[in-house]
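> Just dropping this structure here.
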Amino acid sequence: MSKKPTIKKRKTNFRYNENDERTILEDILSFVSTFLIVSVIIMLVTSFLIKPAVIRGRSMYPNFQNGEWGFSNVIASAVEGIERGDIVLARSTSENGEPTTIIKRVIGMPGETIECRDEQVYINGEPLDESAYLDNDHAKEWKQMNGYFNYNFDPVTLGEDEYFLMGDNRPISMDSRDTGPYKKSAILAKDFLVLYPFENFGYYEK
C-alpha cells in the first residue's frame with residue numbers, strides 16, 4: 001500500500017501569511033502614529049523655532065533675490081526683541097485682500113514719528129542713516145532712470161505696539177507706506193537663513 005504523499009507548503013516572501021505575527025491593521029496603526037508624531041514635531045518646530053519662507057518679488061532686492069527659500073528665526077524675535085534694521089517675517093494682506101506673509105525691514109519703532117522728505121527718511125525729525133542695508137549703487141541707478149528712489153510720505157506717529165516696515169527696494173515695495181504700521185503680534189520671526197539656491201546660502205540679520 002503506497003503512502004499518501006506529503007504536501008509541503010512553499011515558503012513565500014509575502015507578508016501576512018499564517019506565520020506573520022503582525023496584522024495589516026497593526027501596520028496601519030503604526031504608520032498613522034508615526035505620521036502624527038512627525039506632524040506634531042513639524043508643527044512645534046515651525047511654531048516655536050523657525051518659520052519657512054520664500055522670497056517673492058523684488059521688494060528686498062538686491063539683498064534678497066526672488067525665489068530664495070529658507071527660514072526665519074522665531075526664537076530670536078522672542079528672546080532678543082525687535083530692533084530697528086531687523087529683517088522680519090510678518091503677517092500681511094496682499095493687494096487682492098488675501099492673507100500672506102512678507103519679508104521686510106524694521107524702520108520705525110513704537111512711539112516714533114517717521115516720514116520721508118526729499119529721498120531722506122526721518123525719525124522724530126532726525127535723518128536716519130540707512131547706508132548699512134540700502135544699496136547705494138542700485139538706488140543711484142533707479143533714481144537716474146526714474147527720478148526718485150525713496151518716495152516721500154507724510155509723518156506717521158506709531159503706537160506703543162506698532163512698527164513701520166519697509167522693503168529695501170523702496171520704489172517697488174508694498175509695505176507700511178501702503179498698509180500702515182504692523183502690530184508686534186503680526187511679526188512672526190526675524191533674521192533669515194537662505195538655504196536655496198545653495199550659492200546664496202547665508203544667515204542674514206541686519
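The values are calculated or read from the model by the stated rules, or taken from the named source; none is laboratory data. These numbers were taken from a predicted model, which means no experiment stands behind them. As a convention, Cβ positions derive from the backbone with ideal geometry for all residues, glycine included, and neighbour counts pool all protein chains shown. These accessible areas exclude ligands, DNA and RNA; they are computed on the full protein's heavy atoms, side chains included. Shrake-Rupley method; radii C 1.70, N 1.55, O 1.52, S 1.80 Å.
Condition check ((1) at pLDDT below 50; (2) open to solvent by less than 70 Å² (accessible area, probe 1.4 Å); (3) in contact with a Phe, Trp or Tyr (Cβ under 8 Å, 6 or more places away or on another chain)) across all residues:
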{"residue": "Tyr16", "(1), (2), (3)": "yes, no, no"}
{"residue": "Glu26", "(1), (2), (3)": "no, no, no"}
{"residue": "Ser33", "(1), (2), (3)": "no, yes, no"}
{"residue": "Phe64", "(1), (2), (3)": "no, yes, yes"}
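> Considering (1) closer than 16 Å to Ile103 by Cα; (2) modelled with pLDDT under 95, say which one Tyr182 fails and leave the rest.
(2)
> Given the residues Glu115, Glu130, which is the only one that is at pLDDT 95 or above, out of contact with any helix residue (DSSP H, G or I) (no Cβ under 9 Å at 6 or more places or on another chain) and assigned to a loop (DSSP other than H, G, I, E, B)?
Glu130
> In region 66-88, what residues are touching a helix residue (DSSP H, G or I) at 6+ places or on another chain (Cβ under 8 Å), within 20 Å of Gly167 (Cβ to Cβ) and not in a loop (DSSP other than H, G, I, E, B)?
Of everything in region 66-88, just one residue is touching a helix residue (DSSP H, G or I) at 6+ places or on another chain (Cβ under 8 Å), within 20 Å of Gly167 (Cβ to Cβ) and not in a loop (DSSP other than H, G, I, E, B), namely Val88.
> Sticking with this one: Taking Val121, is it part of a strand (DSSP E or B) and either under 22 Å from Val79 (Cβ atoms) or open to solvent by less than 20 Å² (accessible area, probe 1.4 Å) (or both)?
yes
> Please work out which residue is surrounded by the most Cβ atoms within 10 Å (Cβ to Cβ), limiting yourself to region 68-103 and to residues that are under 18 Å from Val54 (Cα atoms) and β-branched (Val, Ile, Thr).
My answer is Ile103.
> Being surrounded by 12 or more Cβ atoms within 10 Å (Cβ to Cβ) and among the β-branched types (Val, Ile, Thr) is the filter; apply it to region 130-179 and report the residue that is farthest from Arg117 (Cα to Cα).
If we take residues in region 130-179 being surrounded by 12 or more Cβ atoms within 10 Å (Cβ to Cβ) and among the β-branched types (Val, Ile, Thr), then Thr179 is farthest from Arg117 (Cα to Cα).
> Name the residues in region 50-65 that are in a loop (DSSP other than H, G, I, E, B) and not aliphatic (A, V, I, L, M), would you?
Those that are in a loop (DSSP other than H, G, I, E, B) and not aliphatic (A, V, I, L, M): Arg56, Gly57, Arg58, Ser59, Tyr61, Pro62, Asn63, Phe64, Gln65.
> For Asn150, which of the numbered conditions (1) under 30 Å from Val79 (Cβ atoms); (2) touching a helix residue (DSSP H, G or I) at 6+ places or on another chain (Cβ under 6 Å) fails to hold?
Failing condition for Asn150: (1).
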